[in-house]
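What follows is a single structure, written as structure tokens, with notes after it.
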Amino acid sequence: MSAPYASEAGKPPAEASKAPAEAPDRPLHNDGTALPAPSPLSPEHEDRAMDRKLTVRCAWDEAAGVFFVHDSPVPGLATEAPTMPALLCKLPGMIRDLLGLDDSAYIDIYVERVQR
């Protein structure tokens, strides 16, 4: 069996499975592999982001020809759009407004399509 990378011949299997660092400007482990990328969120925002995971349930209204918010944990969230992508574009801004968050606040929105 050969090592996944030619430069790794003779290394133990645990080390041979790591991909070599591709970007020379990234910090490296002692074995030459890249360190994990840092989180785009600052530590204080990272903790608060864990609390901002929301599931919004959407449905299709055949008569009106629109997707709409059927159920949501956000009080007052009610909107519709002719396509699901259009609805998805509206949700982050509306949720931030209703929750009183900054425009740059991190929120994780999961959309579940349900039958009406």
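List of remarks:
- Of the strands (runs of 3 or more DSSP E) lying entirely inside region 47-116, the ones with 2 or more residues being under 16 Å from the mean Cα position of the chain (by Cα) are found at 53-61, 108-113.
- Tally, over region 68-89, of residues that are surrounded by 15 or more Cβ atoms within 10 Å (Cβ to Cβ) and either without any contact (Cβ under 8 Å) to a residue 24 or more places away in the chain or outside the structural domain of Lys53 (by TED's automatic domain parsing) (or both): 8
- Any hit, region 34-55, residues being at pLDDT 65 or above and loosely packed, with under 13 Cβ neighbours inside 10 Å: yes
The values are calculated or read from the model by the stated rules, or taken from the named source; none is laboratory data. Keep in mind the model is a prediction, meaning the values are calculated, not measured. Neighbour counts are summed over all protein chains in view; Cβ atoms, including those assigned to glycine, are modelled from backbone coordinates with ideal geometry.
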